[in-house]
1. Return the total of residues in region 571-582 being surrounded by 15 or more Cβ atoms within 10 Å (Cβ to Cβ) and in contact with a strand residue (DSSP E or B) (Cβ under 7 Å, 6 or more places away or on another chain).
2. How many residues are buried (at least 16 other Cβ atoms within 10 Å of the Cβ) and not aromatic (F, W, Y) when one looks only at region 371-389?
3. Can you give me the ranges of the strands (runs of 3 or more DSSP E) entirely in region 109-214 with at least 1 residues that are open to solvent by less than 30 Å² (accessible area, probe 1.4 Å) and among the β-branched types (V, I, T)?
4. Within region 597-612, track down each residue that is among the aromatic types (F, W, Y) and either surrounded by fewer than 16 Cβ atoms within 10 Å (Cβ to Cβ) or within 27 Å of T424 (Cβ to Cβ) (or both).
5. For region 48-89: of the residues being part of a loop (DSSP other than H, G, I, E, B) and either small (G, A, S) or touching a strand residue (DSSP E or B) at 6+ places or on another chain (Cβ under 7 Å) (or both), which is surrounded by the most Cβ atoms within 10 Å (Cβ to Cβ)?
6. Do we find that K31 is out of contact with any Leu (no Cβ under 9 Å at 6 or more places or on another chain), at pLDDT below 80 and either closer than 25 Å to T200 by Cβ or surrounded by 17 or more Cβ atoms within 10 Å (Cβ to Cβ) (or both) in this structure?
7. With respect to Y527, determine if the residue is among the hydroxyl-bearing types (S, T, Y), within 59 Å of the chain's Cα centre (by Cα) and on the phi < 0 side of the Ramachandran plot.
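The values are calculated or read from the model by the stated rules, or taken from the named source; none is laboratory data. Everything numeric in this text was worked out from a predicted model, so none of it was measured. Cβ atoms come from the backbone with ideal geometry, glycine included; neighbour counts cover every protein chain shown. Side chains are part of the model used for accessible areas, which takes the heavy atoms of the whole protein and leaves out ligands, DNA and RNA. Shrake-Rupley method; radii C 1.70, N 1.55, O 1.52, S 1.80 Å.
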Amino acid sequence: MNKFKKTLCFILAIMLMLTPTSTAFAKNNKKHKQNNKKQEWVQKDNKKIKKKKKKFKMKDTSVIKYGRYKLPINPVTKGMGAKIDYNKKGALLTVEKGNFTIVIDFKNEIITVNGKKDTNSKIFNQKNKNKTIVLIKYLAEIFGMKADIDDDEIIVEVPGLDYPRNIEITPIGTNVKKNTLNSSTKAMIVTASIKAGQATGGRAELYVGSRLVARDKEILAKDKSVTFTTSDGSPTNAELKALVPTGGLVTVRLYNAEGKYVTSKVANPTLVVDYVDPKIKSISSGSIDLTNGQLYIDVTGAGAVGDKVDVTKLVIYDKDLSKNYRLTNSEKTGSSGEVKSENLLLIDLGIKDKLGLANFDSNNMYLMVSKGSLLYDDAGNKSYNFTDDQMIPLNASLSLHAPTNVKVKTHGTNTKENTLNTTTTHITATASIIPGQASGGKAELYVGNKLVATDTNIKASDKTVSFTTSDGTPTNRELKEIIPKGGTVTVRLYNANGNYLVSKAENPTLIVDYVVPKLTSISSATYVPATNKIYLEVAGAGDVGDFVVVTKLSIFDSNLQKSYTLTNDSKTGSSGVVNSSKSLLINIGSADQLKLSSFGKTSMFLTINEGVLLQDKAGNTYTNMAVQVLPLEIVK
């Protein structure tokens, strides 16, 4: 029976490996179809069970008789742990233990085991004189036990239970790796060695980590191994994912017919599970550094960092020489490549390939990528197959030069060049670089000595690097945390080897001021025509030097019924500043002096209109929320 199970699993493995994925398998409709639902057991220890000998006196046990056949009951029930039922009228003896049911038909001399006729039994052989010995020996053999019998005593040897060992995993699929399930795996077959006779009538369970994934429910007395399969007859990768979603230590739990079990302890293999294929959307450009032996390929949508590149798909073509060279991947002398980021593949050229490219001209070369799968991972998964060959130009990887032309742009409702204020939500910045020199590297943006943004996607053809502090939903509060204070803005440029240079010339200075001008109240206004100044007595004014928005101030002569609003022309208009925390000073410009020269000296009023009244150098503002009218005292 054990040979049959092994042969069946072998045939299944061959069928799964040779059959196209579109072929449909017939469903398994066996009555005892494998059930993979997880169950919990309460046994706490994991100790081997030692074999035992049980002795029974013939005189102390009841006996079932049929003609010359005698079966002592106690050695079978108490010694072998089986149940006995005897139909005297029909002369039918039924013995049950674990998953075995043995029926002996004395009248018709027929024996069935689990419903199948046993044609090898010699119970009814006429040469057998001692029918008692024949019956006991037969049952013991079926149950994987030993029975010694003499005239007055029967000794039943109950087998122990040793740990399963030699667990072997066989993945079934189109791209098989040892002890690994990947996106091409449909099923797996697992075997473990056991000692014959120990678990007769019991079962075995296969675990990955703590998850029960398969059972062997039929263990015969001569079985030296247990076999598991995750297949239901028509396996798919989707079903396998549901059954074995994660990897872990593979163990086998072996039960005897009494329900006691031991779990494999030594050399349990670890199953690696990775159903995710490497991804790559497109290949855009590349650069090669023959001096350092590195090839950089700019891509989009590359999969996990660390996934491998099939370098044998890469061909370097020198147009001037009309020569091409395909990279090799031998372990000692060939090239190797991996995914460095979602936008970069890095190839380290091996000794053999460096020699093969020695006479190539790095100024006029192209990279040809052969059709097929370019990426693979440690689990054996492969990326989508490119259906056509591709050719891209290769830029020469140049010596590193410092970035230049650093530019900062602020974003918000009241922006000022190179200035952050309370309305700024984020900044963007750029710097010029020489194409090819930092392909596969990165650039960092600093304000003072604080790193505030990074560009990790530098392609061979890039002439600039770009930065942003925005996360997609930028706020002023987030910006304050990223850039709490101002300073010189610099860009640090790295090549793929980690070497870097910092921008030196024309680095802008970023001003940072997140403080809004303040003003608690305005109590009085005084106008001195002789000096062309207006003084506003206030409380709680902000920083000295903050500007007064003079266009919010109007002077009204009630005698003339005339009103005039101050102007702020840079040459002829008025200007105002915070003079102290208690005073605002307005300097009347020449144009405004001329307009006010016809106004009287009494019954004058100053109107402060609503809107922005104070503003600082960073563009922060204080807003006057309501119109305020004050008597304007004239001082000669």
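1. Adding up the residues that qualify gives 6.
2. 9
3. Values: elements: 110-113, 146-149, 153-158, 165-173, 185-193, 203-208.
Once the strands (runs of 3 or more DSSP E) in region 109-214 are filtered for at least 1 residues that are open to solvent by less than 30 Å² (accessible area, probe 1.4 Å) and among the β-branched types (V, I, T), what remains is 110-113, 153-158, 165-173, 185-193, 203-208.
4. Initial filter on region 597-612 (among the aromatic types (F, W, Y)): 599, 605.
If the condition is that a residue be among the aromatic types (F, W, Y) and either surrounded by fewer than 16 Cβ atoms within 10 Å (Cβ to Cβ) or within 27 Å of T424 (Cβ to Cβ) (or both), then F605 is the only one that fits.
5. As a first pass, look at region 48-89 and keep what is part of a loop (DSSP other than H, G, I, E, B): 48, 50-51, 61-62, 67-68, 80-82, 88-89.
Within this subset, residues satisfying the condition of being either small (G, A, S) or touching a strand residue (DSSP E or B) at 6+ places or on another chain (Cβ under 7 Å) (or both) are 48, 51, 61-62, 67, 80-82.
Working: K48: 11, K51: 14, T61: 17, S62: 10, G67: 9, M80: 24, G81: 18, A82: 22.
Checked region 48-89; the qualifying residue surrounded by the most Cβ atoms within 10 Å (Cβ to Cβ) is M80.
6. Numbers: out of contact with any Leu (no Cβ under 9 Å at 6 or more places or on another chain): yes; at pLDDT below 80: yes; either closer than 25 Å to T200 by Cβ or surrounded by 17 or more Cβ atoms within 10 Å (Cβ to Cβ) (or both): yes.
Yes, satisfied.
7. no
Residues are listed down the side, and each one gets a yes or a no for (1) in a loop (DSSP other than H, G, I, E, B); (2) touching a Lys or Arg at 6+ places or on another chain (Cβ under 9 Å); (3) open to solvent by 70 Å² or more (accessible area, probe 1.4 Å); (4) within 21 Å of E537 (Cβ to Cβ):
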{"residue": "Y564", "(1), (2), (3), (4)": "no, yes, no, no"}
{"residue": "N568", "(1), (2), (3), (4)": "yes, no, yes, no"}
{"residue": "K595", "(1), (2), (3), (4)": "no, no, yes, no"}
{"residue": "L614", "(1), (2), (3), (4)": "no, yes, no, yes"}
{"residue": "A626", "(1), (2), (3), (4)": "yes, no, no, yes"}
